[in-house]
Amino acid sequence: DTAVSQTPKYLVTQMGNDKSIKCEQNLGHDTMYWYKQDSKKFLKIMFSYNNKELIINETVPNRFSPKSPDKAHLNLHINSLELGDSAVYFCASSHSRLNTEAFFGQGTRLTVV
Amino acid sequence: AQSVTQLGSHVSVSEGALVLLRCNYSSSVPPYLFWYVQYPNQGLQLLLKYTTGATLVKGINGFEAEFKKSETSFHLTKPSAHMSDAAEYFCAAEANNAGNMLTFGGGTRLMVKP
């Protein structure tokens with residue numbers, strides 16, 4: 001069983017489109033995250049949710065909107081995609097805000113053309 | 001703001017040789033520290049972490065790291081490299097009050113020559 005699963009694994013889309021990436025964790029964790037890894041492999045946190053509530057939003061354009069329908073899911077919706085949004089997006093989860101071990105999904109490679 | 005620096009974006013070693021990947025953090029208060037490994041087209045997997053207590057931390061796959069407060073370092077080592085160790089390695093830090101927000105270093109690609 002995959003602990004943190006993301007879909008799709010690959011996503012190629014045109015500029016201006018709206019797309020979503022889904023993330024689900026079956027670990028019973030309270031806290032979930034989205035990270036962005038750029039073409040130079042640099043990883044940066046985007047959002048963190050704890051029990052469906054947003055706790056971290058790291059100056060991400062408001063074209064990016066996370067949605068957490070329940071604490072096992074944290075989806076990422078991106079409006080009006082731009083070339084610069086091309087990256088690998090990783091979902092992660094941890095037991096709680098105080099538990100420091102994060103489990104990562106396999107990533108979604110988004111390519112905007 | 002906290003930062004994490006990994007010296008050397010690429011490290012190449014021969015199979016059986018010592019692996020040393022360097023990580024330094026900048027923080028007035030020692031953060032929690034982590035090493036993650038990323039195999040091609042895979043997510044990040046936790047190798048080891050330091051929170052409190054013993055400064056030499058052992059992780060999976062024979063890796064270990066030592067927290068040195070005086071040097072603000074958390075270098076990753078493995079006595080003998082295997083071909084299967086070839087991957088990207090990320091050092092990360094979390095300030096104690098940052099609510100699990102990890103700051104990552106730029107990554108080091110480890111190449112292992114036969």
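Select, from B:K58, B:K78, the only residue that is at pLDDT 90 or above, surrounded by 15 or more Cβ atoms within 10 Å (Cβ to Cβ) and within 12 Å of the chain's Cα centre (by Cα).
Of B:K58, B:K78, the one residue that is at pLDDT 90 or above, surrounded by 15 or more Cβ atoms within 10 Å (Cβ to Cβ) and within 12 Å of the chain's Cα centre (by Cα) is B:K78.
Name every residue in the stretch B:81-114 that is open to solvent by 60 Å² or more (accessible area, probe 1.4 Å) and hydroxyl-bearing (S, T, Y), in order of residue number.
Once the filter is applied, which keeps residues that are open to solvent by 60 Å² or more (accessible area, probe 1.4 Å) and hydroxyl-bearing (S, T, Y), the stretch B:81-114 yields only B:S84.
What's the number of the condition A:R109 fails, among (1) open to solvent by less than 50 Å² (accessible area, probe 1.4 Å); (2) modelled with pLDDT of 90 or more; (3) within 14 Å of chain B (Cβ to nearest Cβ)?
(1)
In the set A:L81, A:L76, which member is away from chain B (no Cβ under 12 Å), in contact with a Gly (Cβ under 9 Å, 6 or more places away or on another chain), of a type outside the set (D, E) and open to solvent by less than 10 Å² (accessible area, probe 1.4 Å)?
From the options A:L81, A:L76, the qualifying one is A:L81.
With respect to A:S48, determine if the residue is within 14 Å of chain B (Cβ to nearest Cβ), part of a loop (DSSP other than H, G, I, E, B), open to solvent by less than 50 Å² (accessible area, probe 1.4 Å) and within 20 Å of A:V4 (Cα to Cα).
In short, no.
Away from chain B (no Cβ under 13 Å) and open to solvent by 60 Å² or more (accessible area, probe 1.4 Å): is that true of A:K19 in this structure?
Yes; evaluated as a whole, the condition is true for this residue.
For the stretch A:68-91, name all the residues that are part of a strand (DSSP E or B) and farther than 17 Å from A:K36 by Cβ.
A:H73
Residues are listed down the side, and each one gets a yes or a no for (1) closer than 27 Å to A:K36 by Cα; (2) out of contact with any helix residue (DSSP H, G or I) (no Cβ under 7 Å at 6 or more places or on another chain); (3) touching a residue at least 60 places away in the same chain (Cβ under 8 Å):
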{"position": "B:S12", "(1), (2), (3)": "yes, yes, yes"}
{"position": "B:P31", "(1), (2), (3)": "yes, yes, yes"}
{"position": "B:W35", "(1), (2), (3)": "yes, yes, no"}
{"position": "B:N41", "(1), (2), (3)": "yes, yes, no"}
{"position": "B:K49", "(1), (2), (3)": "yes, yes, no"}
{"position": "B:S70", "(1), (2), (3)": "no, yes, no"}
{"position": "B:Y89", "(1), (2), (3)": "yes, yes, yes"}
{"position": "B:L110", "(1), (2), (3)": "yes, no, yes"}
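Pick from B:L20, B:L46, B:L33: which is open to solvent by less than 10 Å² (accessible area, probe 1.4 Å), in a strand (DSSP E or B) and of a type in the set (A, V, I, L, M)?
After applying the criteria, what remains is B:L33.
Checking the structure you have, find out if any residue of the stretch B:66-74 is part of a helix (DSSP H, G or I), open to solvent by 40 Å² or more (accessible area, probe 1.4 Å), away from every other protein chain (no Cβ under 13 Å) and of a type in the set (D, E, K, R).
Scanning the stretch B:66-74 turns up at least one residue that is part of a helix (DSSP H, G or I), open to solvent by 40 Å² or more (accessible area, probe 1.4 Å), away from every other protein chain (no Cβ under 13 Å) and of a type in the set (D, E, K, R).
Within the group A:F90, A:F64, A:F104, which residue is surrounded by 17 or more Cβ atoms within 10 Å (Cβ to Cβ), without any contact (Cβ under 8 Å) to a residue 60 or more places away in the chain and among the aromatic types (F, W, Y)?
None of the other options fit; the residue is A:F64.
The values are calculated or read from the model by the stated rules, or taken from the named source; none is laboratory data. The model shown is predicted, which means the values in this text are computed figures rather than measured ones. Cβ: placed from backbone, ideal geometry, glycine included. Neighbour counts: every protein chain shown. The protein model used for the area step is the full one, side chains on, heavy atoms only, and it has no ligands, DNA or RNA in it. Shrake-Rupley method; radii C 1.70, N 1.55, O 1.52, S 1.80 Å.
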